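> One structure follows; several queries about it will come next.
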Amino acid sequence: MNTVKRIKIPFIEGLEQLSFEELDLALEKAGSKFPVCENNWPAAFPYGPDCNGVIARSKDYLVLAYHVRGLDIRGVELEDNGNTWEDSCCEFFVTHPFDGTYYNFELNCIGTLLAAKRTSRTEKVMFTPEQLSQVRRYTSFPHQAVETSDRVFSWSSALLIPFRLIGIDPASLPVSLRGNFYKCGDKTAHPHYLSWNPIKTPKPDFHRPEFFGELILR
């Protein structure tokens, strides 16, 4: 039987109007926190950095942030919709409320974003530059290439995703969505694949909606 974690997403007025520092403070005070700590494939990938997330919503946006502490850092993908998952990367996958598809948002440590609407890992429609521009993103690293493994690093990132961009009318929110949160780094010095809700597959595979948890909106 699949494990289904649940998280309540609180409403916080005006999150989209805040700076990164102000947003971080508002989420720390009133957001719902969750660990991204499920190491589903420990034999092959024993290392796992500390990764904690926090989520909330405003009237028009779904808002989440990640705080990471771990070995090495890699951020070499500078172009949106590139191979961000190979870098130090935090990800959010969420279902469309009505049509059976899901969305993936993959943000590396320097602020490069991949986003798509999918029916599977291979069947997808990538977000256009105009759609990507609607997603507000923040990272504590500047948008320039970095790759080193000589010490422990701490960094943060945040995404503000318009509800309309994921098929939701802000004036008529569904009771809940299905989703999962991930931390990965395929080509970091210590490759890792962590999730919020457990994934029961033989090898790393984040594109498995049957293992999504529940995100409660109201």
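The values are calculated or read from the model by the stated rules, or taken from the named source; none is laboratory data. Remember, it's a predicted structure, so these values are computed and weren't measured experimentally. Cβ coordinates were reconstructed from backbone atoms using ideal geometry, including for glycine residues, and neighbour counts include every protein chain displayed.
> Of these, 148, 128, 119, which one is over 24 Å from residue 53 (Cβ atoms) and at pLDDT below 95? Walk me through it before giving the result.
Values: 128 fails: at pLDDT below 95; 119 fails: at pLDDT below 95.
Just a single option satisfies the conditions, and that option is 148.
> Considering only segment 13-41, state which residues are surrounded by 16 or more Cβ atoms within 10 Å (Cβ to Cβ), closer than 16 Å to residue 53 by Cβ and either without any contact (Cβ under 8 Å) to a residue 24 or more places away in the chain or out of contact with any strand residue (DSSP E or B) (no Cβ under 7 Å at 6 or more places or on another chain) (or both).
Once the filter is applied, which keeps residues that are surrounded by 16 or more Cβ atoms within 10 Å (Cβ to Cβ), closer than 16 Å to residue 53 by Cβ and either without any contact (Cβ under 8 Å) to a residue 24 or more places away in the chain or out of contact with any strand residue (DSSP E or B) (no Cβ under 7 Å at 6 or more places or on another chain) (or both), segment 13-41 yields only 26.
> Note down all Cβ pairs under 6 Å where the first residue falls in segment 111-130 and is in contact (Cβ under 8 Å) with a residue 60 or more places away in the chain, the second is part of a loop (DSSP other than H, G, I, E, B), and they're at least six residues apart or on different chains.
121/207
> Let me ask something else. Please enumerate the residues belonging to segment 178-200 that are polar (S, T, N, Q) and touching a Phe, Trp or Tyr at 6+ places or on another chain (Cβ under 8 Å). Spell out how you get there, then give the answer.
To start, the set of residues in segment 178-200 that are polar (S, T, N, Q) comprises 180, 188, 195, 197.
Listed by number, the residues that qualify are 180, 195, 197.
> Right, another one. Tell me the residue from 84, 95, 112 that is in contact with a helix residue (DSSP H, G or I) (Cβ under 8 Å, 6 or more places away or on another chain), crowded, with 22+ Cβ neighbours inside 10 Å and either at positive phi or of a type in the set (Ser, Thr, Tyr) (or both), please.
Working: 84 fails: in contact with a helix residue (DSSP H, G or I) (Cβ under 8 Å, 6 or more places away or on another chain); 95 fails: crowded, with 22+ Cβ neighbours inside 10 Å.
None of the other options fit; the residue is 112.
> Right, something else. Pairs needed: first member in segment 207-218, without any contact (Cβ under 8 Å) to a residue 60 or more places away in the chain and within 15 Å of residue 54 (Cα to Cα); second member anywhere, outside any loop (DSSP other than H, G, I, E, B) and among the small types (Gly, Ala, Ser); C-beta distance under 6 Å; at least 6 residues apart or different chains.
none
> To continue, here is another question. Cβ-Cβ under 7 Å, sequence separation 6+ or interchain: first residue in segment 189-200 and among the charged types (D, E, K, R), partner surrounded by 15 or more Cβ atoms within 10 Å (Cβ to Cβ). Which pairs?
Partner pairs satisfying both residue conditions: 200/211.
> When the residues of segment 170-192 are filtered to those that are in contact with a helix residue (DSSP H, G or I) (Cβ under 7 Å, 6 or more places away or on another chain) and surrounded by fewer than 18 Cβ atoms within 10 Å (Cβ to Cβ), which remaining residue is farthest from residue 208 (Cα to Cα)?
Here the residue is 170.
> Any idea which of (1) more than 21 Å from residue 193 (Cβ to Cβ); (2) of a type outside the set (A, V, I, L, M, F, W, C); (3) modelled with pLDDT of 95 or more is the one residue 97 doesn't satisfy?
(3)
> Filter segment 134-151 down to residues that are out of contact with any Pro (no Cβ under 9 Å at 6 or more places or on another chain) and among the β-branched types (Val, Ile, Thr) and give me whichever is surrounded by the fewest Cβ atoms within 10 Å (Cβ to Cβ).
This residue is 148.
> Considering 92, 98, which residue is in contact (Cβ under 8 Å) with a residue 40 or more places away in the chain, in contact with a Gly (Cβ under 9 Å, 6 or more places away or on another chain), aromatic (Phe, Trp, Tyr) and over 26 Å from residue 13 (Cβ atoms)?
On the way: 92 fails: over 26 Å from residue 13 (Cβ atoms).
Selected residue: 98, the only one of 92, 98 that is in contact (Cβ under 8 Å) with a residue 40 or more places away in the chain, in contact with a Gly (Cβ under 9 Å, 6 or more places away or on another chain), aromatic (Phe, Trp, Tyr) and over 26 Å from residue 13 (Cβ atoms).
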